[in-house]
Structures are given as C-alpha cells and as structure tokens.
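Worksheet for the structure shown next.
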Amino acid sequence: MIVCGDDGLAHRLAAELRGVYAEQVTLVVPPSGRRVRRPVVGRARAASAALLDRVVSAAAGRAGAGGGEPAANEPVVEAAEVTEAVLTEVGADRAAALALVYDDDETNIRAALTARRFNPRLRLVLRLYNRRLGQHIEELLDQTAAVASGDGQSAGLDASTTVLSDADTAAPALAATALVGTSKVVQTEGLVLRAVERQPPRPGEVADPGLCTLALLSATSNDPAGADGSEGSGENGPRLLPDEAAVAAATGRGTVVLEQVSYSGPSLPAGRGGVPPFASLFSRRLRWSLAGLVGCVLALAVGLMIVTGEHPLYATYVTLLDLFGINDPAFHESTARQVLQLLSGLVGLLLLPVLLAAVLEALGTFRSASALRKPPRGLGGHVVLLGLGKIGTRVLTRLRELHIPVVCVESDPDARGMATARRLRVPVVLGDVTQEGVLEAAKIHRAHALLALTSADTTNLEASLYARSVRPDLRVVLRLYDDDFATAVYRTLRAAHPFALTRSRSVSHLAAPAFAGAMMGRQILGAIPVERRVLLFAELDVAGHPQLEGRTVGEAFRAGSWRVLALNTSPPGGRRGEGEPAGEERVPAASGLVWDLPPTYVLGAGDRVVLAATRRGLAELLGRRRRERAGA
C-alpha cells in the first residue's frame with residue numbers, strides 16, 4: 001500500500017492501514033522545506049500523528065497482527081510531486097493500492113493520471129473536494145484502466161478508482177452533533193440511516209431498541225464523550241456492536257440505536273440564482289406604510305362611491321386621478337366630494353416619499369445581495385460556526401439544508417466558504433475569534449451550539465473556553481486532532497462544567513477508515529462517531545466470505561466485529577444459484593435495500609449485504625478474502 005499526502009490525513013491513513021489491516025505501507029510526503037505551510041500547532045499535529053502511527057503499529061505487532069516491521073522501519077519517501085520515477089522507487093508496479101490524499105485537488109488529479117498510466121491495474125483512492133469533478137475523474141480513470149486491459153472491459157480487473165472527500169465524510173457527523181448532540185446520519189441508496197444516542201432508561205421504563213443496538217456508551221462519565229471514549233478505554237469505554245446479552249446486562253449505560261427514516265433532499269433556501277426574495281426587498285416598516293396607503297385609497301374610493309353613487313371601478317379611477325393630482329378641481333361639486341378630493345391629494349403627498357423609500361431600499365438590497373450579511377437583531381437559537389475552510393463549508397451547507405440558522409465567524413475574507421455564505425445569505429462576522437468582541441458579535445450568548453472547526457486545535461480550544469465563560473451551558477463541538485490532547489481537554493471541561501455537553505470530532509479520524517476501506521477494495525457507505533471511536537457502514541459481496549456465505553443472518557453476526565443490516569437487491573449481481581436448497585427463507589426480490597431481515601435468512605453467494613462493522617472487524621473480513629486471493 002502506498003499513501004501520498006501532505007497533512008494529518010496521510011499519517012492517520014497510514015496508521016489505519018498498518019494497525020488495523022496489518023498492511024505494509026510506504027508513505028510519500030513532500031520534502032521538509034516544501035510542505036504546505038500550516039499553523040504552529042500543525043507541527044505538533046504531525047508529530048502526534050507520527051506518535052499515534054508508532055503506537056498503533058506497535059500494538060498491532062504485540063497482538064501478532066501480520067508480524068509487520070516496527071513503525072520506525074516503515075519506509076518514508078520525500079518527494080515534491082508524484083512522478084513516474086517516484087512511483088518506481090516506491091514500487092507502484094507491485095502495489096495493490098495507491099492513496100492520493102494531498103490537500104490540493106489539482107495535485108491529486110495530476111498524480112492519479114500519472115499513476116494510472118504507470119500501472120493500469122493499480123487501485124486508486126483520491127481525495128477531491130470538488131464533487132462533480134470527482135465523478136468525471138473517477139469515470140475517466142476507470143475507462144483508462146478498462147482500455148489498458150486490452151478488451152475494453154474492466155470487470156476482470158481488480159483496479160478501480162474511488163474518489164472520496166474527507167469534508168463530505170465528516171460534515172454529516174459534525175452537523176448532527178451541533179444540531180441535537182445525539183443524531184448521527186448516514187445517507188445511502190436513497191435512504192437515511194440515523195443512529196441515535198439514548199440515555200439510560202429510568203427505573204420502570206423500557207428503552208426502545210430501534211432496529212438494533214449499535215453501541216453501548218461509556219459507563220464511567222455523565223458526558224460519554226469524555227476521556228473514557230477513546231480506543232484504550234477498556235471495559236469502561238464504549239462497546240461497538242454488542243450482543244443481546246451484553247445489552248441486557250448493561251444497565252445504566254446509554255446506547256446508540258439504529259433507526260430508519262425517509263429522506264428527500266430539501267432544496268437550499270437560496271436556490272434561485274442569488275435573487276433575494278420579494279419580502280426582503282423592503283423593510284417591515286415600509287411594507288406596513290405601503291399597506292396603510294393602499295387601505296386609505298380603498299377607503300376614499302368607497303366614500304366616493306357612496307357620495308356620488310358611481311360604479312366601484314369608476315370611483316376607484318377618479319380617486320386615483322385625485323391622488324396623483326391630474327383630475328379637475330371639484331369647484332361646483334358637493335362638500336363631501338370636495339373633502340374627498342382634498343383627502344386624496346393629501347394621501348398623494350404621503351405616497352411620494354414612500355415610493356421613493358421603496359425604490360431606494362430595493363436598489364440597496366440588490367446592491368448588497370453579494371455582500372456579507374450581519375447577524376440580525378434578536379437572533380437566537382442558532383449555531384455559531386467557526387472557520388469556513390473545506391470542512392466548515394460542507395458543514396454550513398449541511399446545516400442550511402436542514403434549515404438551521406447559522407452565524408459564521410471567519411478571519412480570512414477570501415476563505416473558501418465565503419462565496420457559499422453569500423449564496424446562502426448566511427450572516428458572517430469577519431475577525432479573529434480569539435479577539436474580544438468577535439463571538440459577542442456572533443450572538444454567542446443566545447446561540448444553541450458552537451462549532452469550532454478551524455485547522456488549529458488551540459484556536460478551537462480558546463474559542464470554546466471563552467464561549468463557556470460567556471454561557472456555561474452552551475453546547476460545544478471542537479475539532480481536535482490529537483487524542484491525548486482531546487482527553488486532557490475533556491477532563492478539564494468536564495470538571496469545570498459537569499452539566500454542559502461537549503463533543504470532540506477529528507476529521508482525519510472520521511475520514512481515515514473510509515479511505516482505508518476503499519484502498520482494500522470496498523466502498524465505505526458512511527461512518528458514524530461513537531465517542532472517540534468509529535463505526536463503519538460498508539457494502540460487500542457475500543461470495544468468498546466464509547464468515548457470511550451459507551450462514552443465516554443470526555449466525556453471521558459477530559459481536560464487536562460486524563452485523564448484517566440489509567440486503568442490497570439492486571443490480572448488478574444475482575440473487576441465488578440454481579443448486580441451492582429450496583427450503584430457505586427468502587426475502588422478495590426488489591430494487592434497493594431490504595431491511596428487517598429475519599434472523600433465519602440464509603446469505604447466498606449471489607447476495608450483496610450492507611453491514612455495520614468495527615474497523616478491525618472489517619479488516620478481518622477483507623484481509624481473509626485478500627489472503628485467499630493471493631494464495632490462489
């Protein structure tokens with residue numbers, strides 16, 4: 001396995017492949033003098049990643065997982081760019097997969113084109129932020145591999161191209177955590193899987209198990225996202241994919257249960273090409289003034305109709321003539337008619353400044369449509385989002401899809417997400433979040449949650465601590481890379497604010513399992529965080545997996561490793577072979593996903609299943625299959 005990158009995701013992915021999948025990994029990084037310039041904490045972050053890499057690899061070595069070499073002996077190649085010479089040096093002609101996880105899309109695309117030309121049978125995993133471009137690149141590279149095979153067919157090739165985005169992987173979890181603090185959403189095949197954290201039931205209550213119980217939360221803390229939620233928490237930490245006996249015995253512990261909900265992607269509020277809605281053209285006071293003038297005109301028209309006995313339309317026409325001063329004076333008319341004409345002239349004088357104000361407001365609205373909005377007065381119950389980089393932009397889009405009010409804070413006026421904020425008409429406060437008055441301008445004292453998603457751990461921590469001092473019960477979600485640093489943060493915050501809800505999410509920690517699974521030849525449908533651990537949803541063919549093939553759904557379940565959730569009946573792939581027993585319980589064939597599989601349903605070689613798995617459980621499934629292929 002070859003991993004090429006220039007930030008923390010590359011180190012985390014290499015650690016994932018070594019420690020979980022027991023793979024030999026060659027890491028390609030830029031030379032020290034030409035690496036992407038990062039904040040001061042970035043150097044500590046890279047060191048933390050390397051430390052985590054060594055610890056995980058050493059732990060895997062002690063466990064006998066593959067008997068790999070120590071992490072210190074793992075090859076690391078420094079190269080400014082991925083060229084054919086570099087690919088030759090790292091052995092790309094013999095490698096099974098290559099991951100290109102540079103922070104720049106163009107760098108990844110250029111390297112992918114070079115790698116596909118160098119080795120058409122190489123499995124490629126790309127990190128691209130641009131979704132539409134990623135689809136085209138994936139099709140192009142797969143077509144290139146098919147043509148290189150000689151017959152234009154890629155079915156027999158083990159090569160494939162998978163385009164992933166760490167921002168897209170992490171955004172749903174971050175948005176859901178800020179929204180309610182408990183929901184974790186994975187969208188696939190037109191459905192949404194929602195994993196919900198539930199508190200322990202009170203005495204006399206029975207907890208709703210949902211479709212199934214995915215995890216038991218930590219037992220030693222009121223805030224389950226605290227120090228006991230990491231990989232090394234032991235029995236007191238979270239337990240992924242427990243069996244029924246473990247769930248029944250775990251009294252007093254929160255759970256993560258799976259629910260199925262329908263979803264139709266709502267259109268974004270600003271989906272009309274940036275044209276502001278009609279109601280936003282005029283202020284509320286001006287709209288009431290216009291409504292009052294219209295009421296006066298109608299009242300004058302009714303009065304004229306009563307006095308003269310004319311038709312209502314004619315009375316309205318004459319009233320408008322008087323209003324605009326283009327009617328003849330009522331010299332020889334009745335007193336009532338003369339009074340009505342004078343009142344109409346007075347209303348006409350009032351109408352002129354109102355119309356002028358309307359024109360000026362409309363012009364000002366269109367002129368400022370591309371400008372940044374300020375948080376409106378009286379705003380409350382919103383989410384304060386710090387940082388509009390790649391991750392912050394995706395989270396902002398996700399929150400607006402859910403119609404959640406958001407106020408963004410960004411120090412760089414040219415940040416990636418500024419255009420998205422303008423398009424979605426989201427208020428933005430420009431300024432350094434560590435300076436006094438910036439969070440106050442974002443109405444932090446009335447906010448529902450704070451999402452600190454900058455690239456600097458210390459900045460996120462400083463903003464969170466200051467927000468806590470302003471509002472102690474504020475829901476806070478921090479983006480923290482280093483696990484040890486996150487543990488220290490939680491111990492302090494939990495001691496200082498025992499009743500406040502705090503969560504920590506590492507983007508690379510959420511994204512690395514998906515990238516690692518793709519390198520092993522499987523598309524990870526989604527990942528949900530369970531405290532500081534990750535639970536994966538993946539799809540794979542039953543054929544060739546003795547742990548699944550020929551077993552019932554109940555027999556295929558392995559506590560702590562994997563659990564079959566659904567059967568994918570959509571093409572491609574057959575249902576059953578002709579020689580299989582006729583007495584099996586079958587699920588009616590349908591296009592899409594079949595949920596609520598009976599425990600007695602037998603998994604056949606032609607089935608494709610969607611399962612929830614731990615990182616090590618998925619590694620065991622894929623590793624055994626790969627070793628069988630290598631032996632064949």
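The values are calculated or read from the model by the stated rules, or taken from the named source; none is laboratory data. All values derive from a computational prediction rather than experimental measurement. Ideal geometry is used to build each Cβ from the backbone, glycine not excepted, and the neighbour counts take in all protein chains shown. In case anyone asks, the SASA skips ligands and DNA or RNA and just uses the protein heavy atoms, side chains included. Shrake-Rupley method; radii C 1.70, N 1.55, O 1.52, S 1.80 Å.
Calculate the length of the line joining the C-alpha centroid of region 409-477 to that of region 73-124, in whole Å. Cα centroid to Cα centroid, the span is 38 Å.
In region 86-127, the portion of solvent-accessible area held by carbon and sulfur atoms comes to 45 percent [1.4 Å probe, whole percent, DNA, RNA and ligands not counted].
Close amide H partners of Ala543, meaning residues 5 or more places away or on another chain with modelled amide H under 5 Å apart, are Asp607.
Just flag the trypsin sites (Lys or Arg not before Pro) in region 368-418 sitting in loop per DSSP whose Cβ has no more than 10 other Cβ atoms within 10 Å. Provide the component values of the computation, followed by the final result.
Details: sites: Arg373, Arg377, Lys390, Arg394, Arg398, Arg400, Arg416; in loops: Arg377, Arg416.
Passing sites in region 368-418 are Arg377.
Counting heavy atoms of the protein chains alone, Leu355 has an accessible area of about 80 Å² for a 1.4 Å probe.
Highest mean packing comes first when the peptides 1-14, 427-440 are listed by Cβ atoms within 10 Å, giving 1-14, 427-440. Computed as a quarter of the hull surface, the mean projected area of the alpha carbon convex hull for region 287-433 stands at 12.6 nm². Placing unit charges on the Cβ atoms of the charged side chains and taking the dipole of region 394-445 about its Cα centre, the candidate lying farthest along the positive direction among Leu399, Val409, Gln435 is Leu399. Relative to its Kirkwood radius, the Cα radius of gyration of region 442-490 gives an Rg/Rh of 0.96. At an R0 of 25 angstrom, the distance between the Cβ atoms of Asp412 and Gln135 translates into a FRET efficiency of 0.30. Rounded to whole numbers, the Karplus 3J(HN,Hα) couplings from phi for region 421-432 are 5, 5, 5, 8, 6, 9, x, 10, 9, 8, x, 6 Hz, using 6.51 cos²θ - 1.76 cosθ + 1.60 with θ = phi - 60°, and x at Gly and Pro.
Whole-percent P(r), region 385-501, all Cα pairs, 5 Å bins from 0: 2, 11, 23, 24, 20, 13, 5, 1, 0. For Val406, the residues whose amide H sits under 5 Å from its own are Val383, ignoring neighbours fewer than 5 places away on the same chain, with H placed 1.01 Å from N. Per residue, the accessible area of region 371-493 comes to 40 Å², computed with a 1.4 Å probe over protein heavy atoms only. Amide H contacts under 5 Å for Thr26: Ile2, Val3, restricted to partners 5 or more places along the chain or on a different chain, H placed in the peptide plane at 1.01 Å from N.
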